[in-house]
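**Student:** After the structure tokens below, expect a handful of questions from me.
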Amino acid sequence: MANTTLTISSKNYSSWSLRGWLLARFSGLPFDEIVMPIDDPAARAELLLLSPSILVPCLVHDGIKVWDTLAIAEYLNELRPEAALLSKDIRARAHCRSICGEMHSGFGSLRSALPMNLKAHFPGFKVWARAQSDIDRIVAIWSDCLKQYGGPFLFGERSAADAMYAPVVTRFVTYDVKLDPEIVEYGQRIMALPEMQAWIADAQQEVEEIDELDVEF
């Protein structure tokens, strides 16, 4: 058993769990998963955006407990600098931290209107104006990063930013969001990552469902 554990929730519904899990996988740090069932009242409240995301993901390494996604990214970057979750260049590192922070604290309309649901697909889904504003901002962030750092990922090489925005990529697929080809190609690169494919395969096997997140509205 690894001396590191990562507590997560549903692989189908939990965007925060996916972010923390990808950060850990990108870092190369071996870890064991502890999965909270979605019928746990606290876990369910998080998934339905009725409480802050403080339960998952939670990383425990050598007795050190880290439970905020940005804190996990910073901790793993210190622990495994060779994984380059954050760029060694101070300008790029500041830029990466800024857009990760924006994802961490913002885009509430997108989160509530287009919840993560990997097993669902809603072709022709109507995106209302407030969620569309969030989508437009995210697309602007991605376009700027891809142009500035040359791709194929947001900061050239795979980084914490790609882990932070990966759940958004899944939302765009689930809800059939129309995007420019450059953005579609970036999303396809994220979805094709072995780590993402492994996560999605596990999500497809989940039998537990949250009716509120499965209604076609």
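The values are calculated or read from the model by the stated rules, or taken from the named source; none is laboratory data. The structure displayed is predicted, hence computed values, not measured ones. Cβ: placed from backbone, ideal geometry, glycine included. Neighbour counts: every protein chain shown.
**Student:** So which residues in the stretch 86-102 are under 13 Å from Asp162 (Cα atoms) and among the β-branched types (Val, Ile, Thr)?
**Tutor:** Answer for the stretch 86-102, where residues must be under 13 Å from Asp162 (Cα atoms) and among the β-branched types (Val, Ile, Thr): just Ile99.
**Student:** How many residues are modelled with pLDDT of 95 or more, closer than 21 Å to Phe153 by Cα and in contact with a Leu (Cβ under 9 Å, 6 or more places away or on another chain) if we restrict to the stretch 104-136?
**Tutor:** 2
**Student:** Restricting to the stretch 110-150, and then to whatever is among the hydroxyl-bearing types (Ser, Thr, Tyr) and surrounded by fewer than 17 Cβ atoms within 10 Å (Cβ to Cβ), can you tell me which residue is farthest from Tyr186 (Cα to Cα)?
**Tutor:** First pass over the stretch 110-150, keeping only residues among the hydroxyl-bearing types (Ser, Thr, Tyr): 112, 133, 143, 149.
Filter once more, so that each one left must be surrounded by fewer than 17 Cβ atoms within 10 Å (Cβ to Cβ): 112, 133, 143.
Numbers: Ser112: 23, Ser133: 20, Ser143: 10 Å.
Selected residue: Ser112.
**Student:** Could I ask something else about it? For the stretch 50-61, does any single residue satisfy the condition of being over 19 Å from Asp202 (Cβ atoms) and modelled with pLDDT of 90 or more?
**Tutor:** Checking the stretch 50-61: at least one residue is over 19 Å from Asp202 (Cβ atoms) and modelled with pLDDT of 90 or more.
**Student:** With respect to the numbered conditions (1) touching a His at 6+ places or on another chain (Cβ under 7 Å); (2) crowded, with 20+ Cβ neighbours inside 10 Å, which one is the sole condition not fulfilled by Leu70?
**Tutor:** (2)
**Student:** Here's something else I'd like to know. Can you tell me which residue within the stretch 94-138, out of those that are aromatic (Phe, Trp, Tyr) and under 27 Å from Asp202 (Cα atoms), is nearest to the chain's Cα centre (by Cα)? Steps first, please.
**Tutor:** Step one: list which residues in the stretch 94-138 are aromatic (Phe, Trp, Tyr), which gives 107, 122, 125, 128.
Now drop any that are not under 27 Å from Asp202 (Cα atoms), which leaves 107, 122, 125.
Details: Phe107: 13, Phe122: 20, Phe125: 21 Å.
Among residues in the stretch 94-138 that are aromatic (Phe, Trp, Tyr) and under 27 Å from Asp202 (Cα atoms), the one nearest to the chain's Cα centre (by Cα) is Phe107.
**Student:** If you don't mind, there's one more thing I want to ask. If you scan the stretch 7-40, which residues turn out to be closer than 23 Å to Ser159 by Cβ, in a loop (DSSP other than H, G, I, E, B) and touching a strand residue (DSSP E or B) at 6+ places or on another chain (Cβ under 7 Å)? Walk me through it before giving the result.
**Tutor:** First pass over the stretch 7-40, keeping only residues closer than 23 Å to Ser159 by Cβ: 8, 11, 14-31, 33.
Filter once more, so that each one left must be in a loop (DSSP other than H, G, I, E, B): 11, 14, 28-31.
Matches in the stretch 7-40: Ser14, Leu29, Pro30, Phe31.
**Student:** Another question, if that's okay. Considering only the stretch 78-100, how many residues are assigned to a helix (DSSP H, G or I) and in contact with a strand residue (DSSP E or B) (Cβ under 8 Å, 6 or more places away or on another chain)?
**Tutor:** Of the residues in that region, 4 qualify.
**Student:** Restricting attention to the stretch 164-201, and to residues there that are among the charged types (D, E, K, R) and assigned to a helix (DSSP H, G or I), which single residue is surrounded by the most Cβ atoms within 10 Å (Cβ to Cβ)? Steps first, answer last, please.
**Tutor:** Initial filter on the stretch 164-201 (among the charged types (D, E, K, R)): 171, 176, 178, 180, 182, 185, 189, 195.
Still in the running and assigned to a helix (DSSP H, G or I): 171, 182, 185, 189, 195.
Numbers: Arg171: 22, Glu182: 14, Glu185: 13, Arg189: 16, Glu195: 17.
Among those residues, the one meeting the criterion is Arg171.
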